[in-house]
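Asks: To start, I am sharing the structure in question, which I have written as structure tokens.
The values are calculated or read from the model by the stated rules, or taken from the named source; none is laboratory data. Everything numeric here is computed off the predicted structure, so don't read it as measured data. Please note: Cβ atoms are built from the backbone with ideal geometry, for glycine as well, and neighbour counts cover all protein chains shown. All accessible areas refer to the heavy atoms of the entire protein, side chains included, with ligands and DNA or RNA removed. Shrake-Rupley method; radii C 1.70, N 1.55, O 1.52, S 1.80 Å.
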Amino acid sequence: MEKQALDFTDKTVFVAGGTSGINLGIAEAFALAGSRVAVVSRSQEKVDAAVKTLSGHGAEAIGFSADVRDVDEIKAALAGAHERFGTIDVLVSGAAGNFPAPALGMSPNGFKAVVDIDLLGTFHVLHSAYPHLTRPGASIINISAPQAFVPMELQVHVCAAKAGVDMVTRVLAMEWGPEGIRVNSVVPGPTAGTEGMKRLAPTPELLKAVTDAVPLGRLGTPMDVARMVMFLASPLADYVTGAVIPVDGGSSVGGGSLIGAGVEQPERKIR
Ligand code: NAP
Ligand code: COA
């Protein structure tokens, strides 16, 4: 990973779900751009590894083990980050869960698990962060997904949850705009080497079908997403709020679906 052009020296960045995949890529990009970075996720092992990676990029880094479904754990992590690094300039909310299953193949608790992580978790993160945000000037970026606006089979839980995340983005952009706090969503497309892609396109054939459906002809990378997040966090975007911005090589332009459009999942068993 290389240093990006934007300079975030002396800025504090907090990434919820920032210990692997796309969100870790975002945290790394800010670390390389000079930020102090705090990350949060459930697994202490992943938190420790992420802090080591971020410190290796020369950043002051801190990590907390917390579940976004537990508002007290998230509150404690945000307060800890504020105490150590000062007010939060950039807040990224990206913790998420996913598994492919038809509606009748998931229990109500399976649906709830994803909605609780993605949607309620995002509310917990933003609500708990509010007292710690730099104002004016803070930039909040929610990591959404194409499922927010592309209905996909086997994804009723994620579609419902991420559509909700984008509405949280829009409503809080209105409520918090007067205080100089911006709120936007970034929508990654299918991103190479991630847990999300392993779950949704688990075979080489499915991966090829997904890649072939991207107008720009390749899967995304965490750095593709990180660059948009950095733009939104920078003064270059200081009149941008309430926006939901795909970074997907054009894959959602034609109403594309990761899973539909003839891409059969190997398992469609109804339990
Ligand atoms: P990932 O590596 O599994 O990242 C998810 C992160 O969230 C991990 O750090 C995970 O760590 C954390 N997490 C999960 N549940 C949590 C919880 N209850 N509380 C706190 N942290 C939790 O997945 P990814 O594929 O890179 O996805 C990252 C984001 O991009 C997600 O918001 C996803 O919806 C979005 N996205 C991904 C793709 C894709 O192609 N991969 C496409 C569109 C959108 P722990 O396990 O330690 O908790
Ligand atoms: N098909 C159907 N239901 C499933 C399922 C699957 N593949 N995987 C989990 N579930 C159901 C479980 O059966 C359970 O419901 P039940 O209690 O009625 O049996 C419910 O989902 C919760 O499962 P549990 O394992 O207790 O949840 P958890 O809180 O430990 O984990 C998940 C949450 C299920 C989302 C888990 O996959 C996870 O932690 N994911 C994070 C990483 C990730 O998904 N990354 C990609 C992001 S795009």
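Asks: Against the definition (farther than 18 Å from residue 15 by Cβ and either more than 10 Å from ligand 2 (Cβ to nearest atom) or assigned to a loop (DSSP other than H, G, I, E, B) (or both)), how does residue 99 come out, yes or no?
Replies: Judged against the criteria, residue 99 is a match.
Asks: In the range 122-156, what residues are within 12 Å of ligand 2 (Cβ to nearest atom) and farther than 22 Å from residue 253 by Cα?
Replies: none
Asks: Scanning the range 114-132 for residues that are hydroxyl-bearing (Ser, Thr, Tyr) and away from ligand 1 (no atom under 12 Å from the Cβ), which turns out least open to solvent (accessible area, probe 1.4 Å)?
Replies: Here the answer is 128.
Asks: Given the criteria closer than 30 Å to residue 216 by Cβ and either in contact with a Lys or Arg (Cβ under 9 Å, 6 or more places away or on another chain) or outside any strand (DSSP E or B) (or both), does residue 112 qualify?
Replies: Working: closer than 30 Å to residue 216 by Cβ: no; either in contact with a Lys or Arg (Cβ under 9 Å, 6 or more places away or on another chain) or outside any strand (DSSP E or B) (or both): yes.
It is false that residue 112 is closer than 30 Å to residue 216 by Cβ and either in contact with a Lys or Arg (Cβ under 9 Å, 6 or more places away or on another chain) or outside any strand (DSSP E or B) (or both).
Asks: Same structure, new question: Among all residue pairs at least 6 apart or on different chains, which show Cβ distances below 7 Å where the first residue, located in the range 47-61, is assigned to a helix (DSSP H, G or I) and the second is away from ligand 1 (no atom under 14 Å from the Cβ) and open to solvent by 20 Å² or more (accessible area, probe 1.4 Å)?
Replies: 51/62
Asks: Sticking with this one: So which residues in the range 19-46 are part of a loop (DSSP other than H, G, I, E, B) and either acidic (Asp, Glu) or open to solvent by less than 30 Å² (accessible area, probe 1.4 Å) (or both)?
Replies: 19, 33, 35
Asks: Another one. Which one of these is open to solvent by 70 Å² or more (accessible area, probe 1.4 Å) and of a type outside the set (A, V, I, L, M): 190, 178?
Replies: Just a single option satisfies the conditions, and that option is 178.
Asks: If residue 174 passes every condition in (1) over 17 Å from the mean Cα position of the chain (by Cα); (2) more than 27 Å from residue 79 (Cβ to Cβ); (3) hydrophobic (A, V, I, L, M, F, W, C) but one, which one does it miss?
Replies: (2)
Asks: Looking at the range 87-94, can you tell me whether even one residue there is away from ligand 2 (no atom under 16 Å from the Cβ) and not hydrophobic (A, V, I, L, M, F, W, C)?
Replies: Yes, the range 87-94 contains a residue that is away from ligand 2 (no atom under 16 Å from the Cβ) and not hydrophobic (A, V, I, L, M, F, W, C).
Asks: Among the numbered conditions (1) open to solvent by 10 Å² or more (accessible area, probe 1.4 Å); (2) over 16 Å from residue 173 (Cα atoms), tell me where residue 74 comes up short.
Replies: Of everything listed in (1) open to solvent by 10 Å² or more (accessible area, probe 1.4 Å); (2) over 16 Å from residue 173 (Cα atoms), residue 74 misses just condition (1).
Asks: Same structure, new question: From (1) within 16 Å of ligand 2 (Cβ to nearest atom); (2) of a type outside the set (S, T, N, Q); (3) surrounded by 23 or more Cβ atoms within 10 Å (Cβ to Cβ), pick out the condition that doesn't hold for residue 159.
Replies: Residue 159 satisfies all of (1) within 16 Å of ligand 2 (Cβ to nearest atom); (2) of a type outside the set (S, T, N, Q); (3) surrounded by 23 or more Cβ atoms within 10 Å (Cβ to Cβ) except (3).
Asks: Now for a separate question. Identify, please: which residue in the range 89-113 is among the aliphatic types (A, V, I, L, M) and buried (at least 24 other Cβ atoms within 10 Å of the Cβ) and is, among those, farthest from ligand 1 (Cβ to nearest atom)?
Replies: 90
Asks: A further question follows. Restricted to the range 198-234, and to residues that are touching a Leu at 6+ places or on another chain (Cβ under 9 Å) and without any contact (Cβ under 8 Å) to a residue 40 or more places away in the chain, which residue is most open to solvent (accessible area, probe 1.4 Å)?
Replies: Here the answer is 207.
Asks: Next question. Do we have residue 52 as more than 14 Å from ligand 1 (Cβ to nearest atom) and either open to solvent by 50 Å² or more (accessible area, probe 1.4 Å) or under 24 Å from residue 188 (Cβ atoms) (or both) here?
Replies: yes
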